[in-house]
Amino acid sequence: MLIFQGTLVADPIRLSSYLEPPFSAQDGRGQVDLLLKEAFKRLDRQAEVEIYPEQRGLMLADGGHVDGHFLRTSSVDELYPNLIRVPVPIYRSSYYAYSLDPDLQIADWEDLKGHQVTYPAGWQVFDSRSEYYGSAVPLHDDGQMAQLIRLQIFDVLLYEDQALSLLLEPELRQRLQRSAVLLESNLYLLLHHRHQSQIAPLAKVLRQMQQDGSWSTLCPECQRSLERH
């Protein structure tokens, strides 16, 4: 807490993110960054976004070294008791399997057995289901994905559908055959429990932003993901 001319000024809310553009950015001007900054601004708080590897950012938030973390599924706050979910979905994810083989039929996770499965390293939604894969090939650089598709040297790729469309050129995206949806889940902002008093006001502000149009203006990708369902 800082003091200027006898007035108390709250320290900025520090939020960790692992997301990539257009959702988060190093300069704090990603779509989700701007959405959450505006929400806190309406509560007279300044928010700052810090980019970390996925698991590290989560651990920093759980340990109280930063004030919150985004975006995560509803199950994460059950595993990390120091974190409380703000109960307004920011984004809805749809996870699919993709291949170049039009004859490959994948209806559920069980159908991945016997296949070499490629997916982004550190994504818990895929790491936690590795028992279904014949073999796992985590990718540490999204840039490798386009190369794999061009060279046709992968078996099955797992990814979030909207994020994949943003990542790949349309020509590459059109080469891929998409499975039935494997999983859909809402993603949320989590705050450290020391900010428990902010949960309800922040949820109210986020709902107001959905109604007044600022949500779709600041994070059109968030809006599109929620409207798909």
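A few notes on this one:
- Check on V76, among the aliphatic types (A, V, I, L, M), over 26 Å from Q144 (Cβ atoms) and surrounded by 17 or more Cβ atoms within 10 Å (Cβ to Cβ): yes
- Test: residue in the range 132-153 that is charged (D, E, K, R) and modelled with pLDDT of 95 or more: no
- The set of residues from the range 119-147 being in contact (Cβ under 8 Å) with a residue 12 or more places away in the chain and farther than 29 Å from V76 by Cβ comprises just one member, A146.
- Within the range 50-100, considering residues that are within 30 Å of L112 (Cα to Cα), in a loop (DSSP other than H, G, I, E, B) and among the aliphatic types (A, V, I, L, M), the one modelled with the lowest pLDDT: L100
- Qualifying residue in the range 222-229 (condition: modelled with pLDDT of 95 or more and of a type in the set (D, E)): no
- Residues in the range 144-182 that are part of a strand (DSSP E or B) and over 20 Å from the mean Cα position of the chain (by Cα): V156, Q177, R178.
- Pairs with Cβ under 7 Å, 6+ apart, first in the range 38-66 and assigned by TED's automatic domain parsing to the domain that holds Y80, second among the small types (G, A, S) and exposed (fewer than 13 other Cβ atoms within 10 Å of the Cβ): R45/A10
- Restricting the range 21-56 to residues that are among the small types (G, A, S) and on the phi < 0 side of the Ramachandran plot, the residue that is surrounded by the fewest Cβ atoms within 10 Å (Cβ to Cβ): A25
- When the range 103-124 is filtered for residues that are assigned to a strand (DSSP E or B) and polar (S, T, N, Q), the ones remaining, listed by number, are Q116, T118.
- Members of the range 203-229 found to be among the hydroxyl-bearing types (S, T, Y) and in contact with an Asp or Glu (Cβ under 8 Å, 6 or more places away or on another chain), listed by number: S214
- Just one of the listed residues (L15, L83, L60) is under 29 Å from L167 (Cα atoms), under 17 Å from the mean Cα position of the chain (by Cα) and buried (at least 20 other Cβ atoms within 10 Å of the Cβ), and it is L15.
- Qualifying residue in the range 7-29 (condition: assigned to a helix (DSSP H, G or I), in the same structural domain as Q210 (by TED's automatic domain parsing) and without any contact (Cβ under 8 Å) to a residue 24 or more places away in the chain): no
- Listed by first and then second residue, the pairs linking a residue in the range 70-84 that is within 16 Å of E54 (Cβ to Cβ) and not assigned by TED's automatic domain parsing to the domain that holds V125 to a residue that is assigned to a loop (DSSP other than H, G, I, E, B) and of a type in the set (V, I, T), with Cβ atoms under 8 Å apart and 6 or more places separating them unless they lie on different chains, are F70/I90; L71/I90.
- Residue in the range 125-143 that is surrounded by the fewest Cβ atoms within 10 Å (Cβ to Cβ), counting only those that are of a type outside the set (S, T, Y), in contact with a strand residue (DSSP E or B) (Cβ under 9 Å, 6 or more places away or on another chain) and in a helix (DSSP H, G or I): D127
The values are calculated or read from the model by the stated rules, or taken from the named source; none is laboratory data. All values reported here derive from a predicted model rather than from experimental measurement. Positions of Cβ are backbone-derived with ideal geometry, glycine not excepted, and every protein chain shown enters the neighbour counts.
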